Amino acid sequence: MTADEMKRFAERTVRRALDSGAETAEVTVFERLEFTAEVRKGAIEKLIESVASAIDIELSVDRRKALVSSSDLSEESVSALIADGVELAKVMDQDEFFALPEAHELGAARDDLAIFDPDARAIPAEKKIALALDLERIALRMDSRIIPDGSSFSNGSRTIAFANSMGFCEAYRRTSHMLALSCAVEDKPENGENIGKRQSSHWYSTAICARDLEPLENIAAKAVSRTLRKIGARKPKTCEAPVVFDPEATRDLLDSIANAVSGGSIYRKSSFLVDRAGAQVGSPLVNIVDDALLPQKLGSRPFDSEGVRSRRNVVFERGILRSFLLSSYQARKLGLRTTGNAGGISNLCLEPGSSDPLEIIAGVRQGLYLTALFGPGANWMTGDFSQGAQGFWIENGELAYPVDEFTIAGSFPSMLAGMVMVGGDVDWRSQIAAPTIKIERMTLSGT
């Protein structure tokens, strides 16, 4: 179906739900086209090409809500789905906070978000496979020690149409592309603790449009260098030290912050930020924004999953917690206003600072340059933080040697308050965008 056909289908389904006894109805119709080619050692390991459609119908009877879904969009299936939904709603508990969004909140942002690549479907499968194979070949030519762990090209196109019983009906299309490479190396240094082990790393590029992906040579070079530099990793000594997070490690930190500021976590009182609205939680360098209106970003959208118009939300301003991220339901539970975040974050970004990443490292006499975090231990409910880590030990402002098999610990409040430097190198390869940061002091548990 075209986007217009999907909109008309969603509107008809809303009317049918109301005619069948529903008091309110929200209908989302999806169409997804996805392709993935994974290769290893010059051979195709996985090839997936799929087209799928689905419908979600959320309806209510006397403030009793039910959600039903199906991948069968036939008239008979949708009629049966609506009937099931109405009967299910009648036996659900009443929820005094349930209601559709306020009418003035509904709408679609009119800015051109540039989130759809009309050429995405025209890329031949042979070319996609060839890109994955070429990426691996380029990496193998760069260093004979490299062992291929997998190379891939994937892209997708999604159309989303949404209608509700208040008369709102809109649709949008989005695309995404990714090239990724993972590789390994046998760790056999002359001196080191990891003799006989393998070290591995990766790099990837993402974009709305295929033409905006990084060149294959750049992706390969980054994956190879990130792998080789791990050779000879050792455990650091147990100590307290300043920690410089690279952008990927900062992204992991922001992922936990996103959960902590979610309206669901707040009204359930399962966040360390409960009752902290308006408080100075972080250092003045902590400026975090969720902005769904940024052109050509992976999380941009004209409206959220309940038809609320997208917007820019300031979450932290100079370390002060200014806003949680809320759907209409979550906002009603908390006595607040929706932020257009039904369905989750859009583009969550720790805004760049004025520091050069190399200058941040150069300012550390002894400390850790953190490149990866592993395992459980980031608890946004209690604020406790303790995870496995990898990185490099910094000596006199330079990366001295790789470190591995240790734990880094602290707490989210102390980490936010202890953020003393923020780089200008924001990495936008995800819905969570992050720069290099320096946290004044954390605990390392090694030897």
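Looking across the range 14-44, just one residue is touching a helix residue (DSSP H, G or I) at 6+ places or on another chain (Cβ under 6 Å) and hydroxyl-bearing (Ser, Thr, Tyr), and that is Ser20. Taking the range 334-359 as the range and being surrounded by fewer than 17 Cβ atoms within 10 Å (Cβ to Cβ) and outside any loop (DSSP other than H, G, I, E, B) as the test, the residues that pass are Leu334, Leu358, Glu359. The residues of the range 70-86 that are farther than 14 Å from Arg12 by Cβ, surrounded by fewer than 16 Cβ atoms within 10 Å (Cβ to Cβ) and in contact (Cβ under 8 Å) with a residue 24 or more places away in the chain amount to a single one, Ala83. Within the range 194-239, being within 23 Å of the chain's Cα centre (by Cα), surrounded by 19 or more Cβ atoms within 10 Å (Cβ to Cβ) and in a loop (DSSP other than H, G, I, E, B) holds for Ile208, Leu213.
For the range 309-316, the criterion of a residue being more than 26 Å from Phe97 (Cα to Cα), outside any loop (DSSP other than H, G, I, E, B) and in the same structural domain as Gln431 (by TED's automatic domain parsing) is satisfied by at least one position. For the range 18-122, the strands (runs of 3 or more DSSP E) that sit wholly inside it and include 1 or more residues that are aromatic (Phe, Trp, Tyr) are 24-40.
Condition check: within 29 Å of the chain's Cα centre (by Cα), under 27 Å from Pro295 (Cα atoms) and surrounded by fewer than 17 Cβ atoms within 10 Å (Cβ to Cβ). Does Glu49 satisfy that? Full working, then the answer.
Values: within 29 Å of the chain's Cα centre (by Cα): yes; under 27 Å from Pro295 (Cα atoms): no; surrounded by fewer than 17 Cβ atoms within 10 Å (Cβ to Cβ): yes.
No, not satisfied.
The condition of being of a type outside the set (Ser, Thr, Tyr) and touching a residue at least 60 places away in the same chain (Cβ under 8 Å) holds for only one of Ile48, Ile44, Ile55, that being Ile44. Does the range 252-270 contain at least one residue that is farther than 30 Å from Phe392 by Cβ, among the β-branched types (Val, Ile, Thr) and assigned to a helix (DSSP H, G or I)? For the range 252-270, residues farther than 30 Å from Phe392 by Cβ, among the β-branched types (Val, Ile, Thr) and assigned to a helix (DSSP H, G or I): present.
Restricted to strands (runs of 3 or more DSSP E) entirely inside the range 367-440, no element has at least 2 residues that are outside the structural domain of Val244 (by TED's automatic domain parsing) and more than 18 Å from the chain's Cα centre (by Cα).
Over 20 Å from the mean Cα position of the chain (by Cα), crowded, with 21+ Cβ neighbours inside 10 Å, modelled with pLDDT of 95 or more and in the same structural domain as Pro247 (by TED's automatic domain parsing): does that describe Leu325? So Leu325 fails the test. Counting the residues of the range 299-322 that are acidic (Asp, Glu) and buried (at least 18 other Cβ atoms within 10 Å of the Cβ) gives 2. Selection over the range 288-298 of residues that are surrounded by fewer than 21 Cβ atoms within 10 Å (Cβ to Cβ) and either touching a Pro at 6+ places or on another chain (Cβ under 9 Å) or not aliphatic (A, V, I, L, M) (or both) gives a count of 4.
Does Asp111 satisfy being of a type outside the set (A, V, I, L, M) and surrounded by 14 or more Cβ atoms within 10 Å (Cβ to Cβ)? In short, no.
Residues that are in a helix (DSSP H, G or I) and β-branched (Val, Ile, Thr) were ranked within the range 124-179; the one that is surrounded by the most Cβ atoms within 10 Å (Cβ to Cβ) is Ile138. The condition (being modelled with pLDDT of 95 or more, in the same structural domain as Pro101 (by TED's automatic domain parsing), buried (at least 16 other Cβ atoms within 10 Å of the Cβ) and within 14 Å of Ala161 (Cα to Cα)) is satisfied by just one residue among Thr13, Thr24, Thr36: Thr13. Of all residues in the range 92-138, exactly one satisfies the criterion of being without any contact (Cβ under 8 Å) to a residue 12 or more places away in the chain and more than 30 Å from Asn155 (Cα to Cα), namely His104.
The values are calculated or read from the model by the stated rules, or taken from the named source; none is laboratory data. Owing to the predicted nature of the structure, the values given are computational and were not obtained by experimental measurement. Glycine gets a Cβ as well: all are built from the backbone with ideal geometry, and neighbour counts include every protein chain shown.
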